[in-house]
Amino acid sequence: MKLKDRLLKIYLILEKTYGVQECFLRHADPLQLMVSAILSAQCTDVKVNAVSPGLFRKYRNVRDFAGADIGKFQKDIKSIGLFRAKSKNIINACRKIIKDFNGRLPFEMENLVTLPGVGRKTANVIRCHAFNLPGFPVDTHVIRLTNRIGVADMENPEKIEMLINKNIPKEYWCSFSQLFISHGRNRCKARNPDCANCEIRDLCDRMKVF
Ligand code: SF4
């Protein structure tokens, strides 16, 4: 079966299984999503969603974040892993948004990745969930699943992103990433994947029946 056909079949089965997915990080605007996405590195979305409402009540716009006292900010997000580095990145990213982008979060990939703490994954999360633009965020679930299923044979997130971009229409990119993440959390966990009950087992290299 051609890779494009296989990916599309996987997409349709996962969509039927999990439905249309909202962004896992709660946010009211693009800036809030950027902050949450930076906080979510090596941390669960649940934990970030527990901290972010209080944070967004205290820091209401880009100037509030840019002018934050780093010591106080660190205390505000102390329950999140890597809070020191993340505090610095969020404050510096907001200062750069004011200085270089007139106070508005950019939507272009080449501009987003210039912001401290924003790599391609975070930039794609922002592009697809905040700006409704094409983007395929690659996180650890996506890397694990694409390699286990056998549609990718690589650990490099950018290469996986390019592979999906080449083989799936852009209107599916964002939801495909969400669906991979859901499947990674529910069925294809890092330890003990539930292959016996897996909805896409017939399309997975681990089972090799197609
Ligand atoms: S068959 Fe197993 S390895 Fe393949 S996607 Fe399903 S749970 Fe993951």
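Summing Lys, Arg as +1 and Asp, Glu as -1, what charge do residues with Cβ under 12 Å from the Cβ of THR146 carry, THR146 excluded?
Net charge in that neighbourhood comes out at -1.
Along region 65-70, what does the Karplus equation 6.51 cos²θ - 1.76 cosθ + 1.60 (θ = phi - 60°) give for ³J(HN,Hα), rounded to whole Hz, x for Gly and Pro?
Along region 65-70, the couplings run 5, 5, x, 5, 7, 4 Hz.
Which ³J(HN,Hα) values, rounded to whole Hz and listed in residue order, are derived for region 191-197 from phi using the Karplus coefficients 6.51, -1.76 and 1.60 in 6.51 cos²θ - 1.76 cosθ + 1.60 with θ = phi - 60°, glycine and proline given as x?
9, 6, x, 8, 5, 4, 10
Quick one: what are the phi-derived ³J(HN,Hα) couplings along region 11-19, Karplus 6.51/-1.76/1.60 with θ = phi - 60°, whole Hz, x for glycine and proline?
4, 5, 5, 5, 5, 5, 6, 10, x
Net charge around LEU179, counting only other residues with Cβ within less than 12 Å of its Cβ (Lys, Arg = +1; Asp, Glu = -1)?
+1
If I model a spin label at LEU82 and ARG63 as a point 7 Å from the Cα along the Cα→Cβ vector, what separation in nanometres do I get?
Calculated label separation equals 3.1 nm.
May I ask for the angle, rounded to the nearest 10°, between helix 83-100 and the longest principal axis of the chain, with both axes built from Cα atoms and the value confined to 0 to 90°?
The angle comes out at about 70 degrees.
Of the residues ASN192, ASN167, ASN111, which exhibits the maximal mean-square fluctuation in a Gaussian network model of the chain defined by a 10 Å Cα contact cut-off?
Its mean-square fluctuation being the largest, the pick is ASN192.
Under a point spin-label approximation (7 Å from Cα along Cα-to-Cβ), what is the PHE101-LYS2 distance to one decimal in nm?
Output for this residue pair reads 3.7 nm.
Return the lysines within reach of LYS86: Cα separation strictly under 30 angstrom, same-chain partners fewer than 8 residues apart disregarded; answer none if there are no such residues.
Counting by Cα, and skipping residues close in sequence, LYS86 has these lysines nearby: LYS47, LYS58, LYS72, LYS75, LYS78, LYS96, LYS99, LYS121, LYS159, LYS189.
Give me the net charge for the shell around LEU33: Cβ to Cβ below 11 angstrom, other residues only, Lys and Arg +1, Asp and Glu -1.
Result for the neighbourhood of LEU33: +1.
Are there cysteines in the chain with no second cysteine's Cβ under 4.7 Å away, and if so, which?
So far as the 4.7 Å Cβ criterion goes, CYS23, CYS43, CYS94, CYS188, CYS195, CYS198, CYS204 stand without a partner in the chain.
Of ARG57, ARG95, ARG144, which has the largest mean-square fluctuation in a 10 Å C-alpha GNM of the chain?
Evaluated over the chain, the most mobile residue of the options is ARG57.
Per residue, what volume in Å³ does the Cα convex hull of the chain take up?
114 Å³
Taking the C-alpha atoms of region 30-130, how large are the radius of gyration and the largest Cα-Cα span, Dmax, in Å?
Rg then Dmax for region 30-130, in Å: 12.2, 32.
Find how many whole Å separate the alpha carbon centroid of region 12-69 from the alpha carbon centroid of region 72-126.
Taking the Cα centre of each part, region 72-126 and region 12-69 sit 12 Å apart.
Quick note: the coordinates plus some simple rules give every number you see, no bench work behind them. This structure is a prediction, so every number in the text was calculated from the model and none was measured. All Cβ positions, even for glycine, are placed from backbone atoms using ideal geometry, and neighbour counts span all protein chains on display.
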